[in-house]
1. Which condition does Pro410 not pass, out of (1) surrounded by 13 or more Cβ atoms within 10 Å (Cβ to Cβ); (2) at pLDDT 95 or above, if it passes all the others?
2. Name the single residue, out of those in the range 460-482 being hydrophobic (A, V, I, L, M, F, W, C) and within 15 Å of Met444 (Cα to Cα), that is surrounded by the most Cβ atoms within 10 Å (Cβ to Cβ).
3. Hey, does the range 530-541 have a residue that's at pLDDT 95 or above and over 26 Å from the mean Cα position of the chain (by Cα)?
4. Exactly one condition in (1) at negative phi; (2) assigned to a loop (DSSP other than H, G, I, E, B); (3) surrounded by fewer than 20 Cβ atoms within 10 Å (Cβ to Cβ); (4) at pLDDT 90 or above is false for Thr78; which is it?
5. State yes or no: is Tyr152 modelled with pLDDT under 90, surrounded by 15 or more Cβ atoms within 10 Å (Cβ to Cβ), assigned by TED's automatic domain parsing to the domain that holds Pro64 and touching a Phe, Trp or Tyr at 6+ places or on another chain (Cβ under 9 Å)?
6. Of the residues Arg443, Arg393, which is surrounded by 13 or more Cβ atoms within 10 Å (Cβ to Cβ) and within 30 Å of Gln44 (Cα to Cα)?
7. Being in contact with a strand residue (DSSP E or B) (Cβ under 7 Å, 6 or more places away or on another chain), within 22 Å of Phe33 (Cβ to Cβ) and crowded, with 16+ Cβ neighbours inside 10 Å, is that true of even one residue in the range 250-266?
Amino acid sequence: MKRAIVALALLSAANSCYWAANAATETKRVGDFSLLDQQGYFHQMSYYDDHKAIALLVQSSARPVSDKDLAAFNEARTKYQDKIKFFMLDPVADETRESVQKELDKHGLDIPVLMDETQLVAEGLGVSKVGEVFLIQGGTTDVLYRGPANKYFASAIDDVLAGREVKKPKARARGAAIKYVAAADRNPRKSTITYSKDIAPILAENCARCHREGGIAPFAMNSHAVVKGFSPMIREVVLTKRMPPGQIDPKIGHFKETFTLTPREQQTLIHWIEAGAVKDDAVDPLTQLTWPATKWAYGEPDLVVKIPAQEVPATGVLDYRYIKVPIEGLDRDRWVRASQYIAGDRTVLHHTLNQLIPPNPPKDLRVDFGRVDPDAGEIGLWFYKDNEVPTERMIPDCACIFTQGWDPIPPFDPDHEMRQTITIKKDAHLYSMLPHMHFRGKRMRFYAEYPDGRKEELLNIAKYNYNWQLDYELTEPKFMPAGTKVTAVAAFDNSTQNKANPDPARKVPWGQQSWDEMFFGAVTYKFVDQGGTRVAQDQKN
C-alpha cells in the first residue's frame, strides 16, 4: 500500500484565513486547524502559539525520503525542541495509524504524526510532494519558508528565531507527488457538488437539530442564505474540530454517534464553501425541515414535576442548592422508565442531579446555577404500564476520583494525567461511557483489561470540552466477562495555553465549583444474569 507521511515545519498559527485554492499554487498563508495524531492525541495549531515554530518531514514507504534528510530533520528537532513544536503530517487517505507508527519505529522516531485523512490540511498548505517543509510565521499565518529539510531549512529556523527575514524562503524539494482523491471537487468544470443534493443533507443530518428555531445553537440553519452567510465560520469550526461538538475518535470503538463528519462529508462541505457556497435551482431542503412540536425527548411525559423558580444573582458564588419537590398527581406506585429535566432558563442553569428517594414522595434535587434571572425547570417522568414490571436494570458505575486519592494538579502543568479503575464483578454488557471534568479537563480515554489478559481501548475523547459532556452509547452492547477491569485515564491542562483555565498558577484540588476539578469516568452496564423478575437494588455487589 502506498504510504506517505508529509512532514511540515510550521510556525504556530492562531488566526483563521482562507487557504490556497489549489494545491499546485504557491501557498502564502495557512489558517488554524486541528488533527489527531497516530496515537489518537488531539493537536490544534493555534494552541502552540507559545512556540516559535512547529516542524515536520515527509516520507513515503514506496519512495522514502533519504536517510540524510530524516537525520537532518531529527537533528533540528533535538536542537530546537524547546522553542519549536515538531509534527509530521500524513495526507494519504488510506493510511492506518499502525502502519504510520511502524514506519516511525523503523527510523527510531517518536514524532507525532498528524493524520490528515481528508487531505484538507495538505490542500491548504499547498503540499505537492513528499519531502516538503513549511515554516509559518507565528500569529500571522504567513508562510516564510517552503522547501526540503536541508541546510536551507535549518537556516530559515535560525533566521526566524533571531527575528530576521528568511534569506532563502523557497527551495526545491524532491519527492513523490501527492495524489488528492477529491481533486475534482476543486475544479469548477469537473465538480459535481450541489447544495440541494450534497450540502443540505449533511447540514440537516449533523447540524440542524441544534441549529434550528428554538434550538440550543446561536443561529438556525433554516435556509441556504443563512448557511452562506455563516460559511466562513462553518469552515473554521469544521477544520478546527469545534463542530460538530463533543467529537470522539472515530477510529476507536463503534458508537451510535461519534459526533464527527466523515472525511468525505468534510471534503464536500469545505470544497463547496471555498467555491463560493453556491445554491442550485432546486428547492432548498433546509426550508422543508420540520421538528417535533413537543419539547420532550420521548413525547409528552406521563407526569411533569414543576420545580420552584430559583432567583439567581448576576454575580457572585453560589453553593449547590438542595431542593425537595413534592410529586403531585402520583396516586399509586409506579416503575419509572425514563426521566428528563428541562431548564426554565438554560442560559442560567448549569446542571442538576436528580434523585428519587422512596417511599417518601419528595424528589430530591441538587442544582448548580450559573448566571442571572429566575429559573423554573420541569422534570418529565415516563412510567411502565401498570401491569408491566421491569425485569432488568442498568447499573451506573464510575471510575471516579474524589477527595480521597485526588492528586492535586500542579501549577502551569499542561498535561497532568490521572487514572482510576473499576472491576465489573459479573458477566455484563457495556452500554455507554461518559466523561466529567471541569475547565482544565483535556482528554479522557477508557480501556478494558479482560480476565484472559487482552487489552482494548473502548473510547477516546481526544479533545474534552466542559461545554459538551455527552453519554457515548455503543452501537451494540459490548460483552464484559466477570472480572473485567475498566480504566479511565484523563489529563488536565493547567497551563496558560488553556484559554478556559481560571487560574494557571493555582494548585488545583478536587471540588464542586468549576474552578476546582473533578474526575468521573462513568460507565453504564447491564448484568447478563438479572437474578429474577424483581431486580435487587444491591445487585451490583
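The values are calculated or read from the model by the stated rules, or taken from the named source; none is laboratory data. Note that the structure is predicted; figures quoted are calculated from it, not measured. Cβ atoms come from the backbone with ideal geometry, glycine included; neighbour counts cover every protein chain shown.
1. (1)
2. The first filter runs over the range 460-482 and keeps only residues hydrophobic (A, V, I, L, M, F, W, C), leaving 461-462, 468, 470, 474, 479-480, 482.
Within this subset, residues satisfying the condition of being within 15 Å of Met444 (Cα to Cα) are 461-462, 468, 470.
Working: Ile461: 27, Ala462: 23, Trp468: 15, Leu470: 17.
Per the criteria, the residue is Ile461.
3. Within the range 530-541, the subset at pLDDT 95 or above is none.
The answer is no, given that none of the residues of the range 530-541 is at pLDDT 95 or above and over 26 Å from the mean Cα position of the chain (by Cα).
4. Here Thr78 clears every test but (2).
5. Numbers: modelled with pLDDT under 90: no; surrounded by 15 or more Cβ atoms within 10 Å (Cβ to Cβ): yes; assigned by TED's automatic domain parsing to the domain that holds Pro64: yes; touching a Phe, Trp or Tyr at 6+ places or on another chain (Cβ under 9 Å): yes.
It is false that Tyr152 is modelled with pLDDT under 90, surrounded by 15 or more Cβ atoms within 10 Å (Cβ to Cβ), assigned by TED's automatic domain parsing to the domain that holds Pro64 and touching a Phe, Trp or Tyr at 6+ places or on another chain (Cβ under 9 Å).
6. Only one candidate qualifies: Arg443.
7. Looking only at the range 250-266, we keep the residues that are in contact with a strand residue (DSSP E or B) (Cβ under 7 Å, 6 or more places away or on another chain), and these are 252-256.
Cutting the leftovers down to within 22 Å of Phe33 (Cβ to Cβ) gives us 252.
Filter again for crowded, with 16+ Cβ neighbours inside 10 Å, leaving 252.
Yes, because at least one residue in the range 250-266 is in contact with a strand residue (DSSP E or B) (Cβ under 7 Å, 6 or more places away or on another chain), within 22 Å of Phe33 (Cβ to Cβ) and crowded, with 16+ Cβ neighbours inside 10 Å.
To keep it simple, each residue is scored yes or no on (1) surrounded by 13 or more Cβ atoms within 10 Å (Cβ to Cβ); (2) at pLDDT 95 or above.
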| site | (1), (2) |
| --- | --- |
| Thr484 | yes, yes |
| Ala490 | yes, yes |
| Thr496 | no, yes |
| Asn501 | yes, yes |
| Gly511 | yes, yes |
| Ser514 | yes, no |
